[in-house]
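Just below is one structure, and these are the notes that go with it.
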Amino acid sequence: MTVEEVRTHVKASAEALFDEGQVTELRVIMQNGYIHSGYYDNFEALAEAAAHWDRKTGTQGIYWTLNPVHPDCLHRAKNKMRERVSKRQSTTSDKEIIRRKLILVDIDGANRPTGVSSTDDEVARAKECALRAAAFLFRERGWTAPLVGMSGNGYHLLYKIDLPNDDRSTTAVKKVLHVLAALFDDDAVKIDTSVFNASRISKVYGTMVRKGDDTGERPHRRAVLVRGGS
C-alpha cells in the first residue's frame, strides 16, 4: 500500500469499528522494545499517525484499543503520539474503558513459535476456522455477521455489542471465547481465550505486522479489514 492507501484503510477501519468521537489509544510497539502511545478522538489524525509509524524503520506492530477509553485519558497525549512511554503508567487499563463495544475472536495457528510470522498455510487454516466459527454463531446462536479482519498472522472476528464494563460482562466475553475454543480448536488452529479484557489492544488494519525476519516461508504481512470496511 502507498502511504495514502494506508491512511485511507486505517480511517475506514476506524469508522467501521468505532463510534464517532470515541477516544481510542494508538500504541506502537518497536522491535527494540520501546512503546509509543497517543490518544485520539479524531480519525483523520489517528490514520495520519498510524501511516507515519507504519513506514518507520523498526516498527514491529501498530495497535489500538477496541473499546472506548475514558475521555479524560485523551489529555495524556491529545491526537498526538508520545514516544517511549511507560506501559504501566501511560497506556490504557481495564478500569479506563467506559463501555464494551466489541468482542474480539482472535484465531491463529496452533503451533507457530513465538516471535515469528505465520506461514501462508497457517493463515489459510485460521481463515477456515474463522468462517466456521462465524457460521456457527450466525446459524446456531442468532448472532449478526461480524466484521472480519486478517491480522497479519491469522484472522479476527469482531462483533459489535453494547455492555457495561463490569465483572458480569467480562465473565460473559470470557465464556464466549472458551466455548468457541472448545468447539473449533484443533491441532492446526486455536482461538485465543486470553483476549477478554476490556482494554485489549488489536492490530490496526492497514498497517504492517513485522514479527521476526521477513522470509519467504514466514513473510511479514499487512493487517487488513476484509469485511465490513474498505
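Counting only C-alpha contacts under 8 Å and six or more residues apart, can you give the relative contact order of region 101-191 as a whole percent?
Working: 125 pairs, mean separation 39.5, N = 91.
Worked out over region 101-191, it gives 43 percent.
What ³J(HN,Hα) values, in whole Hz, does the Karplus curve 6.51 cos²θ - 1.76 cosθ + 1.60 give for region 78-85 when θ = phi - 60°, with x put for Gly and Pro?
Couplings: 7, 6, 7, 9, 10, 8, 6, 8 Hz.
Could you size up the charge dipole of region 101-191 around its Cα centre, putting +1 on the beta carbon of Lys and Arg and -1 on that of Asp and Glu, and report it in debye to the nearest 20? It would help to have the intermediate numbers written out before the result.
On the way: 12 positive and 13 negative charges, 71 e Å.
Dipole size: approximately 340 debye.
Any idea what the alpha-carbon Rg over 2.2 N^0.38 Å comes to for region 1-95?
1.01
To the nearest 20 debye, what is the magnitude of the charge dipole of the chain about its Cα centre, counting +1 on the Cβ of each Lys and Arg and -1 on the Cβ of each Asp and Glu? The partial results should precede the final answer.
Details: 35 positive and 31 negative charges, 85 e Å.
Dipole about the Cα centre, nearest 20: 420 debye.
Starting with the fewest neighbours, write out PHE18, PHE184, PHE136 ranked by other beta-carbon atoms found within 10 Å of each beta-carbon.
Least crowded to most crowded, the residues run PHE136, PHE184, PHE18.
Among LEU183, THR114, VAL173, which residue has its Cα positioned farthest towards the positive end of the charge dipole of region 110-189, with +1 placed on the Cβ of Lys and Arg, -1 on the Cβ of Asp and Glu, and the dipole taken about the Cα centre?
My answer, from the dipole projection, is VAL173.
As a footprinting exposure proxy, order GLU217, GLU128 by other Cβ within 10 Å, with the fewest listed first. Walk me through the intermediate numbers first.
Values: GLU217 11, GLU128 15.
So the ranking, lowest neighbour count to highest, is GLU217, GLU128.
For the pair LYS95 and THR171, how long in nm is the line joining their label points, each one 7 Å along Cα→Cβ?
The answer from the label model is 2.1 nm.
Under 28 Å between alpha carbons, and skipping anything fewer than 8 positions from LYS80 in its own chain: which lysines qualify?
By straight Cα distance, LYS80 reaches LYS11, LYS56, LYS95, LYS101, LYS160, LYS203, LYS211.
What are the trypsin sites (Lys or Arg not before Pro) within region 69-119 that DSSP puts in a loop, where the Cβ has at most 14 other Cβ atoms within 10 Å? Let's see the in-between values first.
Values: sites: ARG76, LYS78, LYS80, ARG82, ARG84, LYS87, ARG88, LYS95, ARG99, ARG100, LYS101; in loops: LYS80, ARG84, ARG99.
Here the trypsin sites (Lys or Arg not before Pro) that fit, given the DSSP loop and packing criteria, are LYS80, ARG84.
Sort THR8, THR92, THR171 so that the residue with the fewest other Cβ atoms within 10 Å of its own Cβ comes first and the one with the most comes last.
THR171, THR8, THR92
Please work out how much length the chain gains when fully extended from LEU163 to VAL226, using 0.36 nm per residue of separation minus the C-alpha to C-alpha distance, in nm with one decimal.
My answer for the length gained is 20.1 nm.
At 7 Å along the Cα-to-beta-carbon direction for both SER86 and HIS52, put a label point, then send me their distance in nm to one decimal.
Taking the simple label geometry, SER86 and HIS52 are separated by 2.4 nm.
Read through the labelled values (i) 17.8; (ii) 18.4; (iii) 19.1 and report the label of the one computed as Kirkwood radius over Cα pairs in Å from the structure.
Computing Kirkwood radius over Cα pairs in Å and matching it to (i) 17.8; (ii) 18.4; (iii) 19.1 gives (i).
Counting other Cβ atoms within 10 Å, which GluC sites (Glu not before Pro) in region 1-43 have at most 15 and lie in a DSSP loop?
Passing both the DSSP loop test and the Cβ count: GLU20.
What does the convex hull of the Cα atoms come to per residue for region 101-191, in Å³?
In region 101-191, the Cα convex hull volume per residue is 101 Å³.
Pop out the ³J(HN,Hα) list for region 58-72 in order, Karplus 6.51 cos²θ - 1.76 cosθ + 1.60 with θ = phi - 60°, rounded to Hz; leave Gly and Pro as x.
Each residue's phi maps through the Karplus curve to give x, 6, 8, x, 10, 10, 9, 6, 7, 9, x, 8, 4, x, 5 Hz.
Considering only the chain, what is the antiparallel percent among its DSSP beta bridges, to the nearest 5? Kindly include the intermediate steps, with their values, before the conclusion.
Working: 38 of 39 bridges.
Bridges in the chain that DSSP calls antiparallel: roughly 95 percent.
Given a cut-off of under 8 Å on Cα pairs at least six residues apart, what relative contact order in percent is computed for the chain?
Contact order relative to length: 25 percent.
Coordinate-derived values only; no laboratory data. This one's a predicted model, so the numbers in the text were calculated from it and none came from an experiment. No Cβ is skipped: glycine too gets one built from the backbone with ideal geometry, and neighbour counts run over all protein chains shown.
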